[in-house]
Amino acid sequence: MAEIRDIKFGRSNERPREATPRRLAAIVAADISGYSRLMELDEEGTHARVKRIERDLIEPSIAEHHGRLVKTTGDGFIAIFDSPVEAVRFGIVIQQNMIGRNALLPKHHRIEFRIGVNLGDVIIEADDIYGDGVNIASRLEGIANPGQVYISSGIYEQVKNKLVCGYESLGDRKVKNITEPVRVYRVLADPTAFHEHRKRRENILIFLLSLTLLVIASGALWYVLQQPNGKLGKQASAPALPPVEIPNVPSSPAPAVKQPAPLPPPSSAPVPPTPQAAPQTQAAPSVTPAVKHATPQPQSASSATPATQPVSAAREPEMNPIRGGSFIMGSNDDVTEKPTHQVTIKPFAIGKYPTTVHEWNECAAAKACGFVATGKDDAPVTNVSWSDAKQFVAWLAGATRKAYRLPSEAEWEYAARGGTQSKYWWGDQFEPGIANCKNCTDIATTEQPVKVGSFKPNPFGLYEMGGGVDQWVEDCWHKNYQGAPADGSPWVEGECPAHVIRSGSWKNDARYVRPSNRDNYDTNVRYPTHGFRVALSP
Amino acid sequence: MRIAQLIVLSAALASVPSAAHAQGKPAPKDALLYFVWPQDGATIKGGFWCRFGLRNMGVTHAGDDFQNSGHHHLLVDVNEPLDPNEAIPQDKNHLHFGAGQTEARIELPLGKHTLQLVLGDAKHYPFNPPLVSEKITIRIK
C-alpha cells in the first residue's frame with residue numbers, strides 16, 4: 001500500500017518509470033458518433049441523455065462484467081476488463097441496449113456508440129491508463145461504424161471459441177501513429193439481424209415464384225384463347241411454348257421467354273484456352289453471346305496464382321478492337337449536340353454488346369458490385385447508376401489485370417457511327433426494325449429488355465449502339481460541346497453531379513437512337529433503362 | 001389484329017402482379033406539389049431557375065424508400081397522360097431530379113412551353129393517385 005502511494009507521489013517527483021504498475025488488460029474505448037452534431041441540435045437534452053445512459057447502462061454493465069471505468073470523456077469513455085470475453089460481451093450489451101433505446105427516436109436524434117476493444121499491456125494510474133494498447137483501442141473505435149464493435153486480433157484469438165457470434169475480418173489496418181498494422185475484426189453480434197435478412201430474402205423468393213407462376217398462367221391462358229375453337233380440346237395439353245409468341249420480329253430469333261439460361265457447361269473447363277477477346281469472330285445474331293463467353297480464360301489457367309487471389313472468376317466480355325481515326329462529333333439536330341467538332345480517337349476496344357446480367361452478377365458474386373441483377377442472363381443489365389457502372393469496370397480491371405474502363409463520350413460516338421457521318425449509322429432515313437426503340441419494333445414491353453445481340457450490328461460489328469439500353473460513359477455532363485476536348489479523352493472535372501448517357505433506350509423514340517444523341521442523368525441514381533458497355537485501353 | 005389484342009391482354013395479365021407490387025403507394029391526402037417559381041403565364045427572358053414546392057411530404061434521393069417521401073420530375077411540353085403502372089419516362093421532356101434537387105436551371109427554346117411537376121417514389125413510379133402539380137404555361141422571349 002505504502003509503495004503505491006510512493007509511486008503516486010513519484011509522478012510529481014519525476015521518479016524512474018520502472019516502478020509503475022503494468023498489467024495486461026482488455027481495453028474498451030467507446031465514443032458517440034456525431035456527438036457535436038447532437039450537441040448542436042440540443043445541447044442540454046443530449047447532455048442529460050448521455051449522462052442518463054452512463055448512469056443507467058454503462059456503469060452497471062461494466063460492474064456486471066467485472067470491469068472498471070477508467071474515465072469518461074465528453075463523448076465517450078474508456079474501461080478496462082480482466083477478461084477479453086467479458087470486454088467483448090460488454091460491448092455487445094451496450095450496442096444492443098442502444099438499439100432498443102434508439103428505436104423510437106428520429107434518426108438524427110439517435111445516440112450511437114462506436115466501440116473498439118484491444119488487448120494490451122497498460123500502465124495504470126489512479127485516474128487514467130496509458131500505453132500503446134489504449135491508443136490502439138481508441139483507433140479501433142475511430143474506424144468502427146456507429147453501432148458496431150471492432151476488436152483487434154489479440155482479443156479475437158481469445159474470444160473466437162468462447163463467444164457465439166460472428167466475426168468478420170476486415171484485414172490489416174494501418175492506424176494513426178502506430179507503426180505495425182493492426183488486424184481488425186468486426187463483431188456480428190445480432191442474430192436477429194441475420195434472421196431478418198433471411199426472412200426478407202424468403203419474401204423476395206416467394207414473390208418471384210408467384211410472379212413466375214402468374215406469368216406462366218397468363219401465357220397459358222392466352223395460348224388457350226388463341227387456339228381456334230375446334231382445336232381447343234386437342235391442343236390444350238400441349239406444352240404452352242409458342243414460337244409464334246412474337247410475330248413479325250424482323251431479323252431477330254424470337255426472343256422467346258423461356259429460353260434456358262445459357263450458362264457455360266461445367267465440362268468446358270478442360271478445353272484448351274482460346275485467345276481471349278477473340279475479335280471479330282462475327283457471331284451470327286442468333287448465337288447467344290453468353291455461350292460464346294464460355295470459353296475458359298487462359299489467363300486464369302496460366303498465371304497459377306495461389307488461392308489467395310480470386311482472379312480466376314472473371315470472364316472477359318467480348319471486345320471489338322476499334323482502329324483510331326478522326327471524325328466529326330455532334331450534329332445540328334439538337335442544341336446539346338452543337339457545335340460539331342473534329343475529334344481524333346486513339347485505337348481502343350469496346351464491348352461488342354452492352355454488359356449483360358450474367359456478367360454483372362459475376363461482379364455481384366465477387367461482392368464488388370452493389371446488387372444482384374434480376375432478369376435473363378443474356379439481357380443487358382439495367383437499373384445501374386454511373387457509380388455502379390464504375391464499380392463494375394474497376395472490378396473487371398482488377399480481376400483481369402487489364403485496363404477495362406468506361407468509354408469516353410467521344411469514343412462511344414465514334415464507335416456508334418461505325419465510320420459513317422449520317423444521321424443514323426445506316427443512313428439519313430429512319431428504318432424500323434434496325435434499332436430497339438419505342439414504336440420501332442414489335443417487341444412487347446413486357447419482353448424488354450431483350451437479350452443483347454438481337455438487332456443488326458453496325459459497320460464496326462457492334463450491337464445495340466443506339467436503342468436497347470441507355471449507356472453510361474465516363475464524361476461529366478456538359479450542356480453542349482463548347483470547350484470539349486478534341487483528343488477523344490473523357491471530359492471530366494472533379495465531382496460532377498450528372499454524367500452523360502448515350503444510345504437511348506427501348507422506351508425512347510426514334511430520335512434518340514441517333515449516334516450523336518446525348519442526354520444526362522444524376523451520377524448516383526439508378527433508373528430502369530440505364531445500362532453500360534465497357535471499353536479497354538490497348 | 002386479333003393477335004395484337006391478345007398480346008395486349010396477356011401483357012396486361014402478366015404485368016398485373018408486378019405492377020401492383022411496384023407502384024400504387026398512396027401519397028398523404030393533404031400533400032401538395034406546386035411551382036414556387038415560375039408562375040402560370042409568366043414571360044421569362046432566357047434561362048431561369050425553376051423551383052419546386054412540396055407540402056406535407058418529404059423530398060428524398062431516388063432509391064430511398066421512406067414513407068411519405070419522393071423525388072421531383074419536371075415534365076416539359078408533355079401532353080401524353082402518365083401511365084401509373086410504369087416508371088416515369090426519362091427523356092428530354094421528362095427531367096428527373098433523383099438526387100433530391102428542389103430547384104433546377106432550365107433553358108428552353110423561345111416560345112410557349114408547359115411545365116408540370118410529378119412526384120416519383122423510390123422506383124420512379126408515380127404515386128397512386130399521381131401527385132402532380134398544376135400544369136403551367138410560360139413563354140420564353
Scoring region B:48-118 by relative contact order with C-alpha pairs under 8 Å, at least six apart, yields a percentage of 44 percent
Would you tell me the mean number of C-beta atoms belonging to other protein chains that fall within 10 Å of each C-beta in B:95-101, as a whole number?
4
Dipole axis of region A:315-536 (+1 Lys, Arg; -1 Asp, Glu on Cβ), positive-most option in A:PRO528, A:CYS437, A:ASN458
A:ASN458
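Under a Cβ-only charge scheme (Lys and Arg +1, Asp and Glu -1), can you give me the dipole magnitude of region A:315-536 about the Cα centre, in debye to the nearest 20?
Details: 24 positive and 27 negative charges, 68 e Å.
With only Lys, Arg, Asp and Glu charged at Cβ, the dipole is about 320 debye.
A:GLU431 to A:LYS479: FRET efficiency via 1/(1 + (r/R0)^6), r the Cβ-Cβ distance, R0 25 Å, to the nearest 0.05?
0.25
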Gained length - A:THR374 relative to A:GLU125, 0.36 nm times residue gap less alpha-carbon distance:
83.7 nm
Could you work out the mean count of beta carbons from other protein chains within 10 Å of each residue's beta carbon in A:323-332?
0
If you take each beta carbon of peptide A:515-527 and count the beta carbons of other chains within 10 angstrom, what is the mean?
4
Pairwise label distance in nanometres, A:SER169 with A:GLN421, each label 7 Å out on the Cα-Cβ vector
6.1 nm
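Do any GluC sites (Glu not before Pro) in region A:99-141 lie in a loop, going by DSSP, with at most 11 other beta-carbon atoms within 10 Å of their beta carbon, and if so which? If you can, show how the numbers build up before the last one.
Details: sites: A:GLU112, A:GLU125, A:GLU141; in loops: A:GLU112.
Passing both the DSSP loop test and the Cβ count: no residue.
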Which whole-Hz couplings ³J(HN,Hα) result when phi for each residue of region A:522-538 is put into the Karplus expression 6.51 cos²θ - 1.76 cosθ + 1.60, θ = phi - 60°, listed in order with x for Gly and Pro?
4, 4, 9, 10, 8, 9, x, 9, 9, x, 6, 10, 9, 10, 9, 7, x
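Beta carbons within 10 angstrom, averaged per residue: use that to sort the peptides A:314-322, B:50-58, highest first. Walk me through the numbers before you get to the answer.
Values: A:314-322: 21.4, B:50-58: 16.4.
In descending order of packing, they fall as A:314-322, B:50-58.
Every number here is computed from the coordinates shown, using simple stated rules; none is lab data. Please read all numbers here as calculations on a predicted model, not as lab measurements. With ideal geometry, Cβ positions are generated from the backbone for all residues, glycine too; neighbour counts draw on all protein chains shown.
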